[in-house]
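Report on the following structure.
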Amino acid sequence: MRVAIVHDWLTGMRGGEKCLEVFCEIYPEADIFTLFHQPGSVSEAIERHRIHTSPLQRIPGARRRYRYMLPLMPTAVRMFSLKEYDFILSSSHCVAKGARGDYGTYHLSYCHTPMRYAWSGYKEYLACLDGVARWFFPRVVEYLRRWDNEANRGVHDFIANSHTVAERIRDYYGRQAEVIYPPVDTEFYRSRNERVSDYYLMVTAFAPYKRVDAAVEAFGRLGRPLKVVGEGQDFDRIRALGKPNVEFLGHQDDETIRRLYAGCRAFILPGEEDFGITPLEAQACGRPVLALGAGGALETVVGMNAQEYEAPPGFIPWNEAGDGEAAPTGMFFSGSEPADIEEAVVAFEKMEDQFSPEAARRQAKRFARENFKKAAAERFRRGWLNHRERLEKSGETY
């Protein structure tokens with residue numbers, strides 16, 4: 001079976017790339033097709049594959065300012081020559097699922113989210129624009145939505161990375177999707193007897209929907225130390241909002257991030273995530289998570305509501321929870337405004353001793369890398385066999 005893996009772009013190791021890394025292990029001979037590739041920005045497991053890029057790669061400055069080429073991306077992904085492949089596996093949060101093979105090619109899309117700019121994150125992105133860009137963006141989105149829905153017809157099966165994303169696929173595309181949660185490297189992300197300090201931690205991209213600005217403002221008012229790891233288009237703007245107690249660390253290597261996870265007082269997740277691997281990495285290191293009670297966090301954190309910290313219904317203290325019971329591993333706050341985050345931090349500190357490193361790690365191990373690899377490989381195999389059976393029965397090609 002000749003396999004092509006299509007991934008939107010390769011410019012860093014975030015959650016989507018950690019899924020891609022496992023796909024590369026499942027199909028070690030697969031070719032990778034991507035719009036942009038910045039060599040050295042992803043793991044060796046990905047880099048050792050043959051990587052094909054789109055014509056957009058040759059535009060000067062494209063690898064740094066690729067997001068500005070969004071209107072060109074649908075055309076660029078269709079330019080990949082994939083007719084020789086039997087199986088297209090698209091790892092998509094933007095346009096990768098629009099890739100096309102031959103009539104008999106099986107296309108399965110592992111969807112991190114429907115194109116966020118056009119759908120769930122449209123209002124957040126629009127709010128960050130002004131002038132000509134604010135006038136131009138809705139017109140681009142209108143085109144992208146039409147293209148995105150048309151592109152669905154070339155996908156035989158969808159897999160969603162969370163139930164939150166499966167609901168979006170149903171709402172925006174009118175398609176059903178099976179859920180397979182992304183992988184967490186629980187062997188690497190674990191405490192190695194680091195001392196827990198007094199700082200709170202965020203590991204994030206500086207994108208509008210992440211609401212890094214709200215967390216920075218909240219901690220500026222609280223005066224608690226906050227460390228923020230990550231880069232992105234909003235980095236300079238948000239850094240300018242920070243008070244002296246907020247430390248912006250930029251890009252950090254995996255080992256540094258692991259130590260920061262293990263030493264933090266709690267991990268902060270202020271925006272709605274499609275799934276969210278970073279809060280699970282923090283839990284794998286034994287640390288609790290304070291998160292917006294929406295999106296993927298509801299599937300990855302065993303949370304109690306910050307507003308009910310005195311005696312929430314159904315709350316089981318960690319030291320009374322049996323093996324079959326889920327002790328809390330974090331707190332949920334109800335909104336992404338600074339006041340909501342402040343309230344959660346204050347509530348957490350009043351019952352901090354109720355959260356157990358053992359419970360957090362136990363929760364993270366449900367999402368262990370080996371579980372993902374096994375489930376994904378089996379689902380891909382089953383999808384391929386079902387596709388071939390349909391072809392044989394119909395006597396036709398798709």
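The values are calculated or read from the model by the stated rules, or taken from the named source; none is laboratory data. In this text, all values refer to a predicted model and were calculated from it rather than measured experimentally. Don't worry about glycine lacking a Cβ; one is built from the backbone with ideal geometry, like all the others, and counts go over all protein chains shown. The area values use the complete protein model at the heavy-atom level, side chains included, leaving out ligands, DNA and RNA. Shrake-Rupley method; radii C 1.70, N 1.55, O 1.52, S 1.80 Å.
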Within region 179-200, the count of residues that are open to solvent by less than 10 Å² (accessible area, probe 1.4 Å) and over 26 Å from residue 20 (Cα atoms) comes to 1
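Just to be sure before I move on: is residue 110 modelled with pLDDT of 95 or more and outside any helix (DSSP H, G or I) in the structure I sent?
So residue 110 passes the test.
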When restricted to 209, 189, the only residue under 19 Å from the mean Cα position of the chain (by Cα) and at pLDDT below 95 is 209
Filter region 123-161 for residues that are in contact with a Phe, Trp or Tyr (Cβ under 7 Å, 6 or more places away or on another chain) and over 27 Å from residue 78 (Cα atoms); the one that is surrounded by the most Cβ atoms within 10 Å (Cβ to Cβ) is 124
Inset, instruction - Go through the residues of region 73-93 one by one and say whether even a single one is in contact with a Pro (Cβ under 7 Å, 6 or more places away or on another chain), open to solvent by 10 Å² or more (accessible area, probe 1.4 Å) and assigned to a loop (DSSP other than H, G, I, E, B). - result: yes
Residues in region 143-179 that are within 16 Å of residue 297 (Cα to Cα) and touching a residue at least 24 places away in the same chain (Cβ under 8 Å) total 7
Residues of region 237-248 being buried (at least 16 other Cβ atoms within 10 Å of the Cβ) and under 23 Å from the mean Cα position of the chain (by Cα), in sequence order, are 238, 248
Result of the Cβ filter at 6 Å on region 381-398, keeping first residues that are polar (S, T, N, Q) and partners that are assigned to a helix (DSSP H, G or I) and at pLDDT 95 or above, at least 6 apart or interchain, is none
Scanning region 220-236 for residues that are in contact (Cβ under 8 Å) with a residue 60 or more places away in the chain and over 27 Å from residue 41 (Cα atoms), the one least open to solvent (accessible area, probe 1.4 Å) turns out to be 222
